[in-house]
Amino acid sequence: MIEIKNLHKSYKMGKNSLHVLKGINFSVEEGELVAIMGSSGSGKSTLLNILGMLDELDEGTYTLDGVPIKNLNETKAAQYRNKFLGFIFQSFNLINYKSAAENVALPLYYQRVGRKERQEKALKYLEQVGLKQWATHLPSELSGGQKQRVAIARAMAAEPKVLLADEPTGALDSKTSYEVMDLIQKINDQGNTILVVTHEEDIAHMCKRIVHLKDGVIVEDKKVEQVRAEQYV
Amino acid sequence: MFDLERWQEIFDTIRKNKLRTFLTGLSVASGIFILVILLGFGQGMQNGIDNEFKGDAATSIWVWPQRTTMEYKGLNPGRRIQLRNENYETVSKVFDQDFEKASVLYFPNDVQVVYNNDLLVYNVAGTNGDLQVIENEFLSEGRYINEKDVRENAKVAVISNKIKREVFSNLETPVGEYIMISGAGFKIVGVYGEYGRNESEEERIFIPVTTAQLAFNGADKINNLNFMLPEMDSFEETVAMNDTFTTKLLEYLKLYHGVAPEDERAIRLYNPIQEAKRFYTLGRAIELFFWAVGFLTLIAGVVSVSNIMLIVVKERTREIGIRKALGAKPWSIVGMIMHEAIFVTAVAGCTGLIFSMALLEFVGPNIEVDYVMNPSVDFNVALSTVILLIFAGAIAGFFPAWKAVNVQVIEALRDD
């Protein structure tokens, strides 16, 4: 599903150049649940940005579902993001003046799905995350865990090839974190490919594979026995 | 533009952000409102000034003789000058390229006006048809003295609205009535009026100058020479032409009547254009002032709309980032923001326009203050300002929106 070869990325900081990613080789099969771990500055966010087509790579190749991702203009990148990727953020990033259902329906608007169908689909995905009765509520009326579940429903709504989660539990307490991880595991069980960036060991062990980044290179890439979050809920 | 989905999305956004929309709209609407009222008031002031000085035609010239004050070529000072028909005829012939209208006034002495055995205390003046334009009189009924009357020594008279009111109030119209002037019957053929509130000049009964001279022993005497010059393209040209004409005229009259060239008081000349020049300059200054104020108000409006758009876009940076992450194309986001901005400013601008125009329309005509009359505004000017504001709002919205769209999603979504 994801194929990365010899990926390099550096940022210009004034006169100096900061080499963040120093030759990453990495691939993800369909249906995997991968945790990307590393301390801050290890390059894990940069890697996620490049995977999410929010940033461009300097060197190397990136293939997503057989499509080479290179030299995309903004419009093309937007199309690919909409078609291939679903994002889950640490701070949820729901649009605060839109209701839960409207937030979930938003990616469908950019897919030019009709209004009626958008609403139906939004309700369907809200039901999947167990928030159907909250559909008309604004994000400010929801708890942190509920917000993240709405965000997950939104990421799912576009039916992307890959879900990218950037510290999805970073702003939540452990109980809610496990609830969210439980949901992510269940989505993964349905066959969706999910990448989770985290720095929490317990969250990482709820994935099926852990990739350790350190100073811009992969230092460890291992399959792990998945810990089901269900038991903590 | 006609994308229904886009409109729905925009209406959603507007509905959910009532305060923001309201404040944007309010600032645009009040800007337009103030501007239109201001321009209207400026126009009203100009109307008022125009009205105030709408007395005699600005390019008119009145000439009347007095006594000489200097000795000249053996003639004593203190000699009374008498204008003659010949002066009028010569000027008409020699200067006829320079003026548009020319007329004379002859005031016969010791005449009695009688109507229905009542003695009327009004002045009688002999003149010709051009006086109406020179004095800027309007005709309420009938006709004015005409050339035929003058040629045929017709016994006709034109009275004023004031005389009509005071003497003929019981009649539907005084036209056709006869008045006796020193024993001779004159048929009233018309009623004139003076512009402005000053009715002191409505004391006169006009009769043909030839008749007056013939009937009241006037011989070829005349008391006044009156002219009206054409208006040139620019006011300055008119003034220059006026100066040349008066100089030439005085030169001729002084020569004819043996008046010393430096004797300023023997032949007097009233020339309202010199006064008009002052008011013209004042009017210009006022016009300029209101345009300047209007322009500055407009700039203030543009700045405030731009400012609001900047804040709106800034406030929506995160939302823009989210939309981008969800697959929105840059242009669709810029388009959406501008679409909303233009829609809100257009609706608000038109609201302000309608309110201000309505106010001017209903309150304007009722304003009765000196120097302010019927404040109104050119609809096209008002509409242009609305369009300019909308355009400014769109431009002001575009650049920050474009900048926001090009910010990295990660940066836009960063927690700070």
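Any residue that is closer than 23 Å to residue A:11 by Cβ, touching a Phe, Trp or Tyr at 6+ places or on another chain (Cβ under 8 Å) and assigned to a helix (DSSP H, G or I) - is there at least one of those in region A:56-77? There is no residue in region A:56-77 that is closer than 23 Å to residue A:11 by Cβ, touching a Phe, Trp or Tyr at 6+ places or on another chain (Cβ under 8 Å) and assigned to a helix (DSSP H, G or I).
Within region B:160-171, is even one residue in contact with a helix residue (DSSP H, G or I) (Cβ under 8 Å, 6 or more places away or on another chain), charged (D, E, K, R) and over 23 Å from residue B:213 (Cα atoms)? Yes. Within the option set B:39, B:19, being of a type outside the set (Asp, Glu), assigned by TED's automatic domain parsing to the domain that holds residue B:356 and surrounded by 15 or more Cβ atoms within 10 Å (Cβ to Cβ) holds for one residue only, B:39.
Residues in region B:304-311: is at least one assigned to a helix (DSSP H, G or I), within 14 Å of another protein chain (Cβ to nearest Cβ), closer than 30 Å to residue A:107 by Cβ and not charged (D, E, K, R)?
Among the residues of region B:304-311, not one is assigned to a helix (DSSP H, G or I), within 14 Å of another protein chain (Cβ to nearest Cβ), closer than 30 Å to residue A:107 by Cβ and not charged (D, E, K, R), which makes the answer no.
Checking each residue in region B:242-255 for being exposed (fewer than 15 other Cβ atoms within 10 Å of the Cβ) and within 14 Å of residue B:72 (Cα to Cα) picks out only B:255. Just checking, does region B:71-89 include any residue being free of Cβ contacts under 8 Å to residues at least 12 places away in the same chain, away from chain A (no Cβ under 14 Å), in a helix (DSSP H, G or I) and among the polar types (S, T, N, Q)? Scanning region B:71-89, I find no residue that is free of Cβ contacts under 8 Å to residues at least 12 places away in the same chain, away from chain A (no Cβ under 14 Å), in a helix (DSSP H, G or I) and among the polar types (S, T, N, Q), so the answer is no. Within region A:210-233, the set of residues being of a type outside the set (A, V, I, L, M, F, W, C) and either in contact with a His (Cβ under 9 Å, 6 or more places away or on another chain) or part of a strand (DSSP E or B) (or both) comprises A:212, A:214, A:216, A:220, A:221, A:222, A:223, A:225, A:226.
Among the residues of region B:396-416, the ones that are more than 14 Å from chain A (Cβ to nearest Cβ) and either without any contact (Cβ under 8 Å) to a residue 24 or more places away in the chain or not aliphatic (A, V, I, L, M) (or both) come to 4 in all.
Against the list (1) of a type outside the set (A, V, I, L, M); (2) in a helix (DSSP H, G or I); (3) over 22 Å from the mean Cα position of the chain (by Cα), the condition residue B:218 fails is (2).
State whether the residues of region B:339-348 include one that is buried (at least 21 other Cβ atoms within 10 Å of the Cβ), over 26 Å from the mean Cα position of the chain (by Cα) and within 14 Å of another protein chain (Cβ to nearest Cβ). Within region B:339-348, one or more residues are buried (at least 21 other Cβ atoms within 10 Å of the Cβ), over 26 Å from the mean Cα position of the chain (by Cα) and within 14 Å of another protein chain (Cβ to nearest Cβ).
Restricting region B:313-328 to residues that are surrounded by fewer than 22 Cβ atoms within 10 Å (Cβ to Cβ) and more than 14 Å from residue A:106 (Cβ to Cβ) leaves a set whose member that is farthest from the other protein chains (Cβ to nearest Cβ) is B:314. Among residues of region A:85-107 that are free of Cβ contacts under 8 Å to residues at least 24 places away in the same chain, those with a beta-carbon under 9 Å from a residue that is crowded, with 24+ Cβ neighbours inside 10 Å at least six positions away or on a different chain give the pairs A:102/A:122.
The values are calculated or read from the model by the stated rules, or taken from the named source; none is laboratory data. Quick caveat, the model's predicted, so the values are computed rather than measured. Neighbour counts are summed over all protein chains in view; Cβ atoms, including those assigned to glycine, are modelled from backbone coordinates with ideal geometry.
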